[in-house]
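The values are calculated or read from the model by the stated rules, or taken from the named source; none is laboratory data. Fair warning: this is a prediction, and the values are worked out from it, not measured in the lab. Positions of Cβ are backbone-derived with ideal geometry, glycine not excepted, and every protein chain shown enters the neighbour counts. We work out accessible area using only protein heavy atoms, side chains counted, and drop any ligands, DNA or RNA first. Shrake-Rupley method; radii C 1.70, N 1.55, O 1.52, S 1.80 Å.
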Amino acid sequence: MLTNYMGIINLDENEDDMMELTVQRPLASIPIAGRYRIIDFILSNMTNAGIENIAIFAKNNSRSLVDHISNGRPWDLNRKRFGLRFFNFGKEDPEHNDVNNFAENLDYFKIASQEYVIMAPSYMIYNIDFSEVAEAHENSGNDITMIYKRINNADKAFKGCEALNINEEGRVLSVGKNFGEEKEINIGMEAYVMKRELFMEMVIFCTRTGCCRKFKDCIYTQLNKYKVGTYKFNGYLSCLNSLYAYYNTSMDFLNVKVNTELFSQTRPIMTKSKDEAPTRYTKNGRVINSMVANGCIIEGDVENCIIFRRVVIKKGAKLKNCIIFQASEIEENANLNHVITDKGIIIEADKQLKGDDEYPLAILRKKSF
């Protein structure tokens, strides 16, 4: 149990290629996998390891995220001592300047009693045992440990993510970007382990000198000063930095192997619970290889889809390879393929809507379409 560690969830992700889903919400609170939000994965990873003191540094437009996180009760973080802290009143957008937000709340870190810090974003989807990462860090003698995965599909996935150049001893030599030119590279998961005192020292240094506005840039520009090592992760990993990545990751959840790993019984992914009646399947309804949440009414055909709560799919409707957010309604004889609908969308009868696996069709929230 990592009682000597505090967690920092730094929501500094670039949302430019996710604008279809982030118009009315931050990336961290985008619905995923039928009943979860994106932030649930990293938050559960930390609490499953026994981290009791977690701070979320969010963007200002975070109403839906605050509503979802609430007091942290689903993750057992509604505590008088430590627990969950939410910071979303910074003057700067963390995408461009997270150092200033950390500096403005430095007192929070000064009074913390934990010796170590684990910092990570929300848009990397994985299920990891942070206890093993912490043990490896403490035994390595590194100042900072960065988590990474060696992948063999960098020409198609993880575009724009960090690419690590690592020597034989596992030390980080340099950090670049993945532009899809090579297949096999080391993808940085933007997760860092270090001592709390070092974290504060680096924030103060950046603030005083103005050398870096992003905390991770402070690490990357001082690789010669600090001993920055690595921890290799071998499980499932995706980065939700585009609509294409979000769609493909969602389809991965329909793979039994991926689903079993991510939603492990030993390290469960927790989320805010909502009481709903069981889904009703009529005699005309047909569901194949899909995830269907509670509270739905299924009268049509559903194949390779993810259906959120309180969705109504009427008789004659056909859905294939779709993601339907909660409280949506698909009327009679509508035909949808490779479509993502936002919350509360009504697809009128006989509509024919089609995208493809590289360019799914996203329908934003409004009363009808």
statement: Expressed in angstrom and rounded, the centroid-to-centroid distance over alpha carbons for region 209-255 and region 301-318 is 34 Å
- line: Amide H contacts under 5 Å for residue 297, restricted to residues at least 5 apart in sequence or on another chain and with H modeled in the peptide plane, are 280, 311, 312, 313
message: Please report the accessible area of residue 220 (heavy atoms, 1.4 Å probe, ligands and nucleic acids excluded) in Å², nearest 10.
response: 40 Å²
- request: Using +1 at the Cβ of each Lys and Arg and -1 at the Cβ of each Asp and Glu in region 237-348, identify which of 344, 311, 278 lies farthest towards the dipole's positive end.
  value: 278
message: Under 8 Å for C-alpha pairs, at least 6 residues apart: give me the relative contact order for the chain, rounded to a whole percent.
response: 15 percent
- request: Have a look at the DSSP beta bridges in the chain and tell me what percent are antiparallel, nearest 5.
  value: 30 percent
field: For region 304-369, size of Cβ-based charge dipole, Lys and Arg +1, Asp and Glu -1, in debye
entry: 300 debye
message: Can you tell me how the chain classifies by the Cα gyration tensor, rounded, prolate or oblate, using a/c under 1.5 as the rounded cut?
response: prolate
task: Kindly state, to the nearest 0.05, the FRET efficiency for residue 132 paired with residue 365, given R0 = 45 Å and r defined as their beta-carbon distance.
output: 0.65
task: When a/c is below 1.5 the answer is rounded, else prolate if a/b is larger than b/c, else oblate, so apply that to region 217-336 with a ≥ b ≥ c taken from the square roots of the Cα gyration tensor eigenvalues.
output: prolate
message: Could you check the spin-label model distance between residue 81 and residue 289? Points 7 Å from the Cα along Cα→Cβ, value in nm.
response: 5.1 nm
query: Rounded, prolate or oblate: which fits region 1-159 when a ≥ b ≥ c are the square roots of the eigenvalues of the alpha-carbon gyration tensor, with rounded for a/c under 1.5 and prolate only if a/b beats b/c?
result: rounded
message: Before I look further, what does the chain give for accessible area per residue, probe 1.4 Å, in whole square angstrom?
response: 45 Å²
query: GNM on the chain, C-alpha springs below 10 Å: top fluctuator among 152, 142, 48?
result: 152
field: Qualifying lysines (Cα of each under 26 Å from Cα of residue 159; at least 8 residues distant if same chain)
entry: 59, 149, 177, 183, 214, 216, 232, 257, 354
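Residue 3 to residue 232: extension gain in nm, 0.36 nm per residue of separation minus the Cα-Cα distance? Show your work: numbers first, answer last.
Details: separation 229, 0.36 × 229 = 82.44 nm, distance 2.30 nm.
Extending this stretch completely gives an extra 80.1 nm.
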query: Considering amide H positions built from the backbone, and no H for Pro or chain starts, which residues 5 or more places from residue 231, or on another chain, come under 5 Å of its amide H?
result: 146, 147, 148
- request: Express the relative contact order of region 298-369 as a whole percentage, based on alpha carbon pairs under 8 Å and six or more residues apart in sequence.
  value: 24 percent
- line: Calculated from DSSP helices alone, with each H run of at least 4 adding -39500 (n - 2.57) and the total divided by the residues of the chain, [θ]222 nm to the nearest 500 comes to -6000 deg cm²/dmol
query: For the chain, what % of the accessible area comes from carbon and sulfur atoms, probe 1.4 Å?
result: 44 percent
query: Taking Cα pairs under 8 Å and at least six residues apart, what relative contact order does region 205-310 come out at, in percent?
result: 16 percent
- prompt: Out of 236, 126, 359, any idea which swings most in a Gaussian network model of the chain, alpha carbons joined below 10 Å?
  reply: 359
message: Can you compute the FRET efficiency between residue 352 and residue 71 using 1/(1 + (r/R0)^6), with r the Cβ-Cβ distance and R0 = 51 Å? Round to the nearest 0.05.
response: 0.70
field: Estimated distance in nm for a label pair at residue 168 and residue 273, the labels positioned 7 Å out from Cα along Cα-to-Cβ
entry: 5.4 nm
message: If packing is taken as the average count of other Cβ atoms within 10 Å, what order do 274-281, 305-312, 262-269 fall into, highest mean first?
response: 305-312, 262-269, 274-281
task: Per residue of region 309-315, in order, report the coupling 6.51 cos²θ - 1.76 cosθ + 1.60 (Karplus, θ = phi - 60°) as ³J(HN,Hα) in whole Hz, putting x for Gly and Pro.
output: 5, 6, 8, 10, 10, 7, 4
message: Between residue 63 and residue 20, what is the label-point separation in nm under the 7 Å Cα-to-beta-carbon projection?
response: 2.5 nm
statement: In a Gaussian network model of the chain with springs linking alpha carbons closer than 10 Å, the residue among 243, 173, 84 that fluctuates most is 173
- prompt: What list of ³J(HN,Hα) couplings, whole Hz, do you get for region 207-220 from phi and the Karplus terms 6.51, -1.76, 1.60, once you set θ to phi - 60° and write x for glycine and proline?
  reply: 5, 6, 8, x, 6, 9, 9, 10, 5, 5, 5, 5, 5, 5
- prompt: What residues have an amide H closer than 5 Å to that of residue 238, excluding those fewer than 5 places away on the same chain, when H is modeled at 1.01 Å from N in the peptide plane?
  reply: 125
